[in-house]
Structure formats: structure tokens, C-alpha cells
Amino acid sequence: MSTFTTEALQQTKKPDPTKHVKYTQGMVLGVDEFVQEFAYLSGRDQWMVRDLVGYGTVSGLSVSADTDPNNPKPRVLVTAGTAVSPRGQMIRVSQNQCAYLNDWLAMEEHRAEVMRRLGSPAAGSLPLYVVLSYRSCPTDEVPIPGEPCRSEEELAAASRLKDDFVLDLCFEPPDQCEEDAVRAFIDWLSSNLQIGSAPSMNIDDFKKTIHNAAYSATSPPCSTPGFMHLSPPGLLVVNTDDANKYLRAAFLIWVTKLRPLWKNDFIDTEQCADMATACAEKKGAEGVLLAELEVPLADGKVGGAINVIEDRRPYLLHLRMQQEWLACCGKRQE
């Protein structure tokens, strides 16, 4: 059961999004063909969004913690808003949501996990994560033909799938390997790149330095937060006249060599039947982190002010905002 919403509903297995129907004269079209064609078109839409745009909060979904004036219990609030999932699905939360933390902590499975992490009696700071995921819910049942003597459940079937969401509290954050890598790469490049009047360093040495910084890890790329591991012996010196050439080389390395290391490719992956209780490895990759909560506990209950941390939260600036920012920066440089 979702912490913030009603219990999950069943969803049928998703067909292969890499296939579309090859229509042939005389071909008999059935449910499978229409479902497959929709899956292909929807899959391409998601593919374009996740590869060309990215994912994260788009609008709203502000996270805060307070005490309900009508019910003096500590709670977490999430405002209405929209987001894009790592799979590329649009998620809409149409109404404000809230979760009462002491009620959540009192649930048997949560209480056991808290004691495992903090001991008994549970006391100390407990990190929790507010995670948003996409799901679709069958709705609008219609009668369907069939054999006699069927059960009541077999007399009707859902005729629509409605976009929905799962908003939950988790003990672990969702995997956001590529998001962390993007930040690390840009931070590393901006910290070590010096563009000015000095002569440019050799471009092969420039490329090699970037490669070495990324490939120096001895463990798999996502097993450590240090995506760019080495600082160059000196600054990456680039003359202003060569800046375009060198930046193109740096971003080409990112696109062709580095991003594939850390990018979660959802193509050809089978979607779990129930998005709300998806298998752990996929749920961890498909959730959008909204915030981390530092929850002080005393004897298994909230014992103080809850700290809301959004440092690792991915979000997207729409193109109009980017356009205005670039225009503003251009005016300042004139």
C-alpha cells in the first residue's frame, strides 16, 4: 500500500517497446496488435524524453514537514505538481499529499526495519526518502463476452488505463547514477578548465586527462559517488579562440564514452506487473527522488523537528526559462 495514496491496482505486462506491427493486406488485427502498436509509440515517446531531455521535477512537488493543526501529529507534505520519471514517463500529482510519520513508523514492517537500523528502543536520526514513481491503473469496467458459469470478476474488464502515481517513504534513495554523473562531470570540468589568453594545451593531452579522470575507478562506476576520480596535475588551459573546439571535444567524450557507463537503458527491459510493488532493482531505478528527510526519533516516534534536504533532487528547467536565462547572460556580457 502506498504511504501517500490508495493501494496499488493490477497492471498487465507491458509488451516489447522495440517492436511495432507490420501491417499486411488480409492480416487479422486483434487486441495484441493494437496493444503492441501503442507500446511501440509510447515507448518511443519515453525514449526521446529520457535520452534527449532528462528526468526530475518539472513543476511543484514542494516537500515540507510540519504538524497538522487539526491533528497534532508530525507529517510530511508534498504539493501538487508534475515530474518526469527516469523511464521518461510524465507523472502528475493533481492534489496535495501528506503522510503522518508516526503512523508510518508504527506499521509492523517499518518498525522492524527502524529497529534493525537504530536498535531498540529506536532513537537517533533516521534518514528517509520521499520518492515519486509512475503507475497506471485499470479503470472504466465494461461487460465482456465469454463462457457461462464465470465468476463475477470475469464478467467485466477494465477498458481504460489511467495515468497515476505512487508517492512513498523509503529507507533507501532511488538509484540516480546518471544524474550524479552529470553533476560530477560538469563540476569537474568547470573546476579544472581555465579559458583565457594563455596558449591552449595539447588537445590530445586534454582528451586524455578527461579519460583518465573518468576511468581511474577500480570498482564499477555506480558503486561510488566519485564519478570523476582524478584532478589533473594542473588546470586545463584553453585559449579563448580555441574554447569552442575544446568544449566540443569534452562533450563528445561525455556523449560517446562516459554517458553510456552511467546511463540506465530501459529499452528491452520487462516492466513489472505491479508498478507499486515493482521488483526492487527496477523500482530503485524508476523512482524520482523528491527529498531526503532527517527524522529525529525517540523511542520509535518523531522526537523533534524534521529536516528536509533537497540537494540531490533532480529537476528540469523548461526551455523558455533557459532561453530567458541565456538572453539575460548575453546582455550582461555586452
Of all the residues that make up the range 187-206, how many are among the small types (Gly, Ala, Ser) and in a loop (DSSP other than H, G, I, E, B)? 3
Among (1) of a type in the set (Gly, Ala, Ser); (2) under 30 Å from PRO260 (Cα atoms); (3) loosely packed, with under 14 Cβ neighbours inside 10 Å, which single condition is ALA106 missing? (2)
Considering only residues of the range 118-151 that are polar (S, T, N, Q) and closer than 22 Å to TYR100 by Cα, which is modelled with the highest pLDDT? SER133
Which condition number does LEU101 fail, the rest of (1) without any contact (Cβ under 8 Å) to a residue 24 or more places away in the chain; (2) touching a strand residue (DSSP E or B) at 6+ places or on another chain (Cβ under 6 Å); (3) among the hydrophobic types (A, V, I, L, M, F, W, C) being met? (1)
From the residues in the range 208-241 that are at pLDDT 60 or above and small (Gly, Ala, Ser), which one is farthest from ALA181 (Cα to Cα)? GLY234
In the set VAL130, VAL78, VAL114, the lone residue that is under 15 Å from the mean Cα position of the chain (by Cα) and of a type in the set (A, V, I, L, M, F, W, C) is VAL130
Would you please name the residue that is surrounded by the fewest Cβ atoms within 10 Å (Cβ to Cβ), looking only at residues in the range 242-275 that are among the polar types (S, T, N, Q) and modelled with pLDDT under 90? THR269
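The values are calculated or read from the model by the stated rules, or taken from the named source; none is laboratory data. Only a predicted model underlies this, so the values are computations on that prediction, with no experimental measurement involved. For neighbour counting, all protein chains shown are included, and Cβ atoms are generated from backbone atoms with ideal geometry for every residue, glycine included.
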